[in-house]
Amino acid sequence: MFSTLLEDRVVDADLAVVGERIDAIGGRNPPGKREIDADGKLVMPGGVEPHSHLAQLSGGGIPTSDDFESGTRAAAYGGTTTVMAFSAQHRGTSTSETVTEAMERARLEATVDYALHLIVTEQHDRTAADLAEVARIGITSMKVFMTYDRLKLAGADLVNLLEGARSAGMTVMVHAEHDGLITWKRRQLIEGGRRDAMAHAESHSRLAERAGVAEALALAEALEMGIHVVHLSTGDALKEAEAARSRGVRATVETCPHYLVLEESLLDGPIRETAPFMSSPPLRGARDRAALWRAIEAGQVDTIGSDHAPYRLDAGKLPRGDKTEFHEVANGLPGIELRLPLLYSEGVTKGRITVSDFVRLVATNPAKLFGLYPRKVTPAVGSDADIVVWDDAERRTVTIDELHDRMDYTPYEGMTLTGWPETVLLRGRMVVHGGHDVLRPGGGRFIKRKPQPAKEMHR
Ligand code: DUC
Ligand code: ZN
Ligand code: ZN
């Protein structure tokens, strides 16, 4: 007997796939041309990755090790069949150039289905019209940064940009950390002789996150629009989001596996050993991890994104080798392949959340928030047959040699996880099974999304 996970319940039912779509759930189906025995397994929709950086430059200009090919292949091995990545506009470059280039790369390289978010780093008179143009081609979400010199927007520019996004029907993701506090603290730490990774955590403080999140929420409230706070790392920032929600703000929240399982003390030590764990926001302590898990259990976290931001140790993460100082390290952790296994093992296997919560966080909610639903995710008749057969008893120890990204380390090396995907179907085609794949560059399809009317955004 096996369990099929529908949106709101788990049932014991066969799934029939015809062509690329789900044709029937339950009932008596004629024998299939090909049958997959999922006895004892969970049959669930393919994961939707809402947050990954592929073929992109970091805030400091360092390229990610993964492009759309390796990034989407790694995603598929981890049970994800739709990947959302960024098309990053750099100052002085037009959004249309940025988007055309990313669309072309993704079209040639992606091995699973994909959608794009825009990153916007400038606000000028034409921006609102540019955003409307980008939304028309099916890119209906964008990220804005409140920190990083090359990326950040603030003050009236930020407000005007948000207004433009609202009228273009774009969902806004915000990197919410208070730049003034970070810059001020960083200077103090450098002047005090600090060079180590823990100084990164001290400058990207918990308070800086709380202040950034509070500001972002206040702007959304003023503009009467939704806002999605990404990679949230602290209990205090969560409280800000909850308070805003109770005032009627349509705030949604993402957190990432690394904030749930990795400990701040990993930043304590020589830079070569600690840089592999440097992300922004940084890892936090036990109190924040517990607060994030509690919020997940209470349904206050909407999505789990990997924030896959892969910078190799031998190419970019440490631009000056052992002499690299904390403020020179490229921030970000790889994790696109392990997003589902980490959440399943630490969440479901350890009894913190149900399988329905798991699917909601890694697939249904990201699809709904970003306008991919119901084509993606619902195992419902007529939706794309993106299906994962999940083996909840499989135990494996993570090692970089067995992952499929192009990284030279994983921050989860040596962790034993229980619950892994066994078989992955993309639009009815078995693309990963038993450690092998038939994924091919160009095999992924762009999912064109519709602009979202402001009053319907989120929730
Ligand atoms: N923000 C991200 O979303 N990813 C990597 C680094 C960062 O600051
Ligand atoms: Zn960010
Ligand atoms: Zn990111």
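The values are calculated or read from the model by the stated rules, or taken from the named source; none is laboratory data. These numbers were taken from a predicted model, which means no experiment stands behind them. Counting neighbours? That spans all protein chains shown, and the Cβs are built from the backbone with ideal geometry, glycine included. Ligands, DNA and RNA are stripped out before the accessible areas are found, and what is left, the full protein with its side chains, is counted by its heavy atoms. Shrake-Rupley method; radii C 1.70, N 1.55, O 1.52, S 1.80 Å.
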Phi angles of the range 215-226, converted by Karplus (6.51 cos²θ - 1.76 cosθ + 1.60, θ = phi - 60°) into ³J(HN,Hα) in whole Hz with x for Gly and Pro, give 5, 4, 5, 5, 5, 4, 5, 4, 8, 6, 9, x
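Please report how many Lys pairs in the chain have alpha carbons closer than 13 angstrom, counting only residues at least 8 apart along the chain or sitting on separate chains.
4
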For the chain, dividing by residue count, accessible area per residue (probe 1.4 Å) in Å² works out to 39 Å²
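Probe radius 1.4 Å, ligands and nucleic acids ignored: give me the carbon and sulfur share of the accessible area of the range 346-395 as a rounded percent. Kindly include the intermediate steps, with their values, before the conclusion.
Working: 870 of 1770 Å².
About 49 percent, which is the carbon plus sulfur part of the accessible surface.
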Whole-number value, in Å³ per residue, for the convex hull of the alpha carbons of the chain is 129 Å³
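From the helices alone, meaning DSSP H stretches of at least four residues, give me the mean residue ellipticity at 222 nm for the chain, per-run term -39500 (n - 2.57), in deg cm²/dmol to the nearest 500.
Result for the chain, helices only: -8500 deg cm²/dmol.
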Lys and Arg at +1, Asp and Glu at -1: neighbours of ASP408 with Cβ under 15 Å from its Cβ sum to -4
Extension length gain for ALA290 and ARG28 (0.36 nm per residue less Cα distance), in nm, is 89.8 nm
If each part is reduced to its alpha-carbon centroid, the range 195-265 and the range 57-86 end up apart, in Å, by 24 Å
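Can you give the FRET efficiency to the nearest 0.05 for ARG395 and SER265, using r as the Cβ-Cβ distance and R₀ = 30 Å?
Values: r = 26 Å, r/R0 = 0.87.
Efficiency computed from Cβ-Cβ geometry: 0.70.
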Rounded to one decimal in nm, the spacing of the 7 Å Cα→Cβ label points at ASP408 and LYS448 is 4.2 nm
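Report the full-extension gain for the segment GLU242 to GLU97: residue separation times 0.36 nm, less the Cα-Cα distance, to one decimal in nm.
Working: separation 145, 0.36 × 145 = 52.20 nm, distance 3.81 nm.
Between GLU242 and GLU97, full extension yields an extra 48.4 nm.
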Counting only residues 5 or more apart in sequence or on a different chain, those whose built amide H sits under 5 Å from that of VAL431 are VAL424, LEU425, LEU426
With all protein chains present, the range 114-153 has a carbon and sulfur share of its accessible area (1.4 Å probe) in percent of 49 percent
Those trypsin sites (Lys or Arg not before Pro) from the range 44-142 that are DSSP loop and have at most 12 other Cβ neighbours within 10 Å turn out to be ARG91
Residues whose built amide H sits under 5 Å from the amide H of LYS41, excluding neighbours closer than 5 in sequence, are SER3
On the formula 1/(1 + (r/R0)^6), with r taken between the Cβ atoms of ASP125 and ASP149 and R0 of 22 Å, the FRET efficiency rounded to 0.05 is 0.45
Two pseudo-spin positions, 7 Å from Cα along C-beta at LEU207 and at ALA222, lie apart in nanometres by 2.3 nm
